[in-house]
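Colleague: Questions regarding the structure given below will be posed in turn.
The values are calculated or read from the model by the stated rules, or taken from the named source; none is laboratory data. Owing to the predicted nature of the structure, the values given are computational and were not obtained by experimental measurement. Because the Cβ atoms are built from the backbone with ideal geometry, glycine has one as well, and the counts that use them run over all protein chains shown. When the accessible area is computed, the model is the full protein with side chains, heavy atoms only, and any ligands, DNA or RNA have been set aside. Shrake-Rupley method; radii C 1.70, N 1.55, O 1.52, S 1.80 Å.
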Amino acid sequence: MTEYKLLIGGQLVAGADQMDVIDPATGAPFAQAPVASDEQLDQAVAAASAAFGPWSARPLSERQALLATFADRIEAEAPRIARLLTQEQGKPLAQALFEVEATVRGIRYFASSPLEDEVRPHSGGEYTLRRVPLGVVACIVPWNFPLVLASNKYGAALLAGNTVILKPAPTTPLTSLELGRIAADVFPAGVFNVLSDEGDLGPALTAHPAIAKIAFTGSTPTGKRVMAGAADTLKRVTLELGGNDAALVLADADLDAAIAGLTFTALLNAGQICVAPKRIYVHASIYDRFCDGAAAMAGAMLQGPGLDADVQIGPVQNRAQFDKLRDYLAIAHRDGRVLCGGQAADRTGYFIQPTVVRDLTDASPLVAEEQFGPIMPILSFEDEEDALRRANASPFGLGGSVWSRDTDRARALAWRMQAGMVWVNQHLAVGPDIPFAGAKASGTGVETGPEGIEEFTRVQVLIPA
């Protein structure tokens, strides 16, 4: 069995304890991961603090070069890392390989990004604005996309001159620990640290006086606790939180394209995507045809262990989410009409059948809450303004989309959606060069794109005499 280790101050070390890592396709342990202690957390913070001065003083070009080397090293091991990702997360191997490749692309984006001073005029002459690093950044990532969501954080943080502590979710620690193994040979000691835990180190990281920023992706309730925990030390926080994305399918939409695009993105990664479409509002004139088409597509998807050939949908990632989704399936049968799926699969592991549900109301918990699984609620509307009002009634505001052959009309509606990201005739188009931002209870701050890099800096202004 492979021995996985923490990375603290440039050294790969054992944890204070060990924990089982569960393969969600079987529900059984397949590996063990180290559990970091509070003392090891303090050691990692001290190492990152000591490394901050020399790392931030390095020329930008050197930091860029080391990030590029890190991307190359990950790419060289992509097939092995992807297989490990499937084993601990559950997603089909092709999707796991795509995530590894997206991680490499993201790191390379940051490695090629500028961070230049700006000279600006003012009433008495001119001044120079510089973006300077913050210090030690804690990157806390969830279990749905443990690699790419982490790279959105540490890529920008390291480029800007910060040092980082990466803490993966307790149920998906292994790929992050493998990043630590690779990083140990790339970055100076203390620049990149990795700690895995059983879910108990988050509050200590959030409250630690030597940490300057928390970059967190996860649920809205946990995000609120992170913000509260950071208040005493006035840490900066970036919170990428839950979503309950609405899609509006207008009467003149390309029906086949809307069915294919929304069904694929709603069920991708077993529906465990914060910015996936989770409430689909379809005009009454095409509602029946849309529902039938989505059910036919979802029902034909091959579900199974992610390492099996041709699998399109794997298990959900952990037992807690599996149990939560079984409750949502009961709600689906109670509040709507289930067209396909509707059950936990009759097999070992955490498998929820791809499920399409129609004839729900907005009051159903399956619509009002973020289900985060392979369940696709479809609702009907008669009036576009009413559909927009219903879409905006959610406390969440991560993403949304509008589908119509009249792109000007679709754009006008999309701009009025109360969401950080909106799409026309597509959903889930994201990338390292596109700012990823939420509205309302879906988070604060920005990740990726130039604005995402700036989140890991503070402004310093020099005004000459």
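Colleague: What does a probe at D346 reach in segment 288-305, counting residues whose amide N is under 17 Å from the point 7 Å along Cα→Cβ?
Modeller: 303-304
Colleague: Counting each DSSP H run of 4 or more residues in the chain as -39500 (n - 2.57), what helix-only mean residue ellipticity at 222 nm follows after dividing by all residues, to the nearest 500 deg cm²/dmol?
Modeller: Result for the chain, helices only: -12500 deg cm²/dmol.
Colleague: Convert 4 °C to kelvin, take the viscosity as 1.567 mPa s, use the Kirkwood radius over C-alpha pairs of segment 38-144 as Rh, and evaluate the Stokes-Einstein diffusion coefficient in µm²/s, rounded to a whole number.
Modeller: 76 µm²/s
Colleague: Find how much the distance from E116 to A46 grows on full extension, using 0.36 nm per residue of separation minus their present alpha carbon separation; answer in nm with one decimal.
Modeller: That pair, E116 and A46, stretches by 22.3 nm at full extension.
Colleague: In degrees from 0 to 90, rounded to the nearest 10, what is the angle of the helix 78-89 Cα long axis to the longest principal axis of the chain?
Modeller: Rounded to the nearest ten degrees, it is 60.
Colleague: Over segment 129-223, what is the mean sequence separation of C-alpha contacts under 8 Å (at least six apart), divided by residue count, expressed as relative contact order in percent?
Modeller: Relative contact order for segment 129-223 comes out at 37 percent.
Colleague: Which whole-percent values make up P(r) of segment 285-337 when all C-alpha to C-alpha distances are grouped in 5 Å steps starting at zero?
Modeller: Taking all Cα pairs of segment 285-337, the binned fractions are 4, 16, 14, 21, 23, 14, 7, 2, 0 percent.
Colleague: Cut-off 16 Å, label point 7 angstrom out along Cα-to-Cβ of L462: give me the residues of segment 30-64 whose amide nitrogen falls inside.
Modeller: Within reach of a label on L462: 57-60.
Colleague: Just the Cα atoms of segment 89-148, one point each, no solvent: what log10 I(q)/I(0) does Debye give at q = 0.12, 0.24, 0.26, 0.28 Å⁻¹?
Modeller: Rounded to two decimals, the profile gives -0.55, -1.06, -1.11, -1.15.
Colleague: Of the peptides 257-267, 280-290, 361-371, how do they stack up when ordered by the mean number of other Cβ atoms within 10 Å, highest first?
Modeller: By packing density, highest mean first, the sequence is 257-267, 280-290, 361-371.
Colleague: What value does segment 401-456 have for Rg/Rh, both radii from Cα atoms and Rh as Kirkwood defines it?
Modeller: Dividing the radius of gyration by the Kirkwood radius yields 1.03.
Colleague: Still on this structure, I have one more. Using a basic spin-label model with each label point 7 Å from the Cα along Cα→Cβ, how many nm lie between A207 and D359?
Modeller: 5.2 nm
Colleague: Taking Rh as the Kirkwood radius computed over C-alpha pairs, what is the Stokes-Einstein D of the chain at 10 °C in a medium of viscosity 1.306 mPa s, expressed in µm² per second?
Modeller: Value of D from the Cα-based Kirkwood radius: 69 µm²/s.
Colleague: Right, next: Based on the Cβ-Cβ distance from T233 to D72, what FRET efficiency comes out when R0 is 35 Å, to the nearest 0.05?
Modeller: 0.45
Colleague: Would you mind pulling out the separation of the Cα centroids of segment 295-371 and segment 237-294, in Å?
Modeller: 15 Å
Colleague: Give the long-range amide H neighbours of D23: residues separated by 5 or more places, or on another chain, with amide H under 5 Å away, using H modelled in the peptide plane at 1.01 Å from N.
Modeller: So D23 has HN proximity to A28, F30.
Colleague: Leaving ligands, DNA and RNA out of it, report the carbon-plus-sulfur percent of the accessible area of the chain at a 1.4 Å probe.
Modeller: On the chain, the fraction of accessible area on carbon and sulfur atoms equals 53 percent.
Colleague: Along the positive direction of the dipole of the chain (beta-carbon charges: Lys, Arg +1; Asp, Glu -1; about the Cα centre), which of V367, P450, A247 reaches farthest?
Modeller: P450
Colleague: Related question: By how many degrees, between 0 and 90 and to the nearest 10, does the Cα long axis of helix 319-335 differ from the longest principal axis of the chain?
Modeller: Around 30 degrees separate the two axes.
Colleague: If the cut-off is a Cα-Cα distance under 15 Å, which aspartates and glutamates reach K224, setting aside same-chain residues fewer than 8 apart in sequence?
Modeller: Reachable aspartates and glutamates: D232, E240.
Colleague: Does anyone have the angle between helix 220-231 and the longest principal axis of the chain? Alpha-carbon axes, 0 to 90°, nearest 10?
Modeller: 20 degrees
Colleague: With only Lys, Arg, Asp and Glu charged, each at its Cβ (+1 for the first two, -1 for the last two), find how big the charge dipole of segment 397-465 is about the Cα centre; round to the nearest 20 debye.
Modeller: 320 debye
Colleague: Moving to a separate point now. With both bridge residues required to lie in segment 334-411, what share of the DSSP beta bridges run antiparallel, to the nearest 5%?
Modeller: Approximately 50 percent, going by the DSSP bridge assignments.
Colleague: For a test of the definition: using alpha carbon positions, the gyration tensor, and the 1.5 limit on a/c, classify segment 118-262 as rounded, prolate or oblate.
Modeller: The shape class here is oblate.
Colleague: Measure of size requested: the Rg and Dmax of segment 323-463, with Cα atoms as the atom set and Å as the unit; please supply both.
Modeller: So, for segment 323-463, Rg and Dmax equal 18.7, 69 Å respectively.
Colleague: Continuing with this model, one more query. Once R0 is set to 51 Å, what does the formula 1/(1 + (r/R0)^6) return for the Cβ-Cβ distance between L302 and R411, expressed as a FRET efficiency to the nearest 0.05?
Modeller: Calculated value: 0.90.
Colleague: What length, rounded to one decimal in nm, is gained on full extension from V132 through to A257, with 0.36 nm per residue of separation minus their alpha-carbon distance?
Modeller: Using 0.36 nm per residue and subtracting the Cα-Cα distance, I get 40.5 nm.
Colleague: Counting DSSP beta bridges in segment 111-245, what percent are antiparallel, to the nearest 5?
Modeller: So the antiparallel bridges amount to about 25 percent of the total.
Colleague: Could you work out how far the C-alpha centroid of segment 1-61 sits from that of segment 80-112, in angstrom?
Modeller: 19 Å
Colleague: Probe of 1.4 angstrom, ligands and nucleic acids ignored: what's the accessible area per residue over the chain, in square angstrom?
Modeller: It amounts to 39 Å² per residue over the chain.
Colleague: Where the only charges are on Cβ atoms (+1 Lys, Arg; -1 Asp, Glu), what is the dipole of segment 69-205 about its Cα centre, to the nearest 20 debye?
Modeller: Charge dipole of segment 69-205: 120 debye, to the nearest 20.
Colleague: Suppose the chain between E451 and D310 were pulled fully straight at 0.36 nm per residue; how much longer would it get relative to their current alpha carbon spacing?
Modeller: That works out to 46.9 nm of additional length.
Colleague: To the nearest 10 square angstrom, what accessible area does E3 show with a 1.4 Å probe?
Modeller: Rounded to the nearest 10, that gives 130 Å².
Colleague: Here's a follow-up. By average Cβ neighbour count within 10 Å, what is the ranking of 94-107, 184-197 from highest down?
Modeller: Taking the mean over residues of other Cβ atoms within 10 Å, the ranking is 184-197, 94-107.
Colleague: Let me know the charge dipole size of the chain about its Cα centre in debye, to the nearest 20, where only the beta-carbon of Lys, Arg (+1) and Asp, Glu (-1) is charged.
Modeller: So the dipole magnitude of the chain works out to roughly 540 debye.
Colleague: Still on this structure, I have one more. Roughly how far apart, in whole Å, are the Cα centres of segment 425-444 and segment 186-208?
Modeller: Cα centroid to Cα centroid, the span is 26 Å.
Colleague: Please list 130-141, 300-311 highest first by mean number of surrounding beta-carbon atoms within 10 Å per residue.
Modeller: 130-141, 300-311
Colleague: If the limit is 32 Å between Cα atoms, which of K5/K440; K5/K91; K235/K440 go over it?
Modeller: K5/K440
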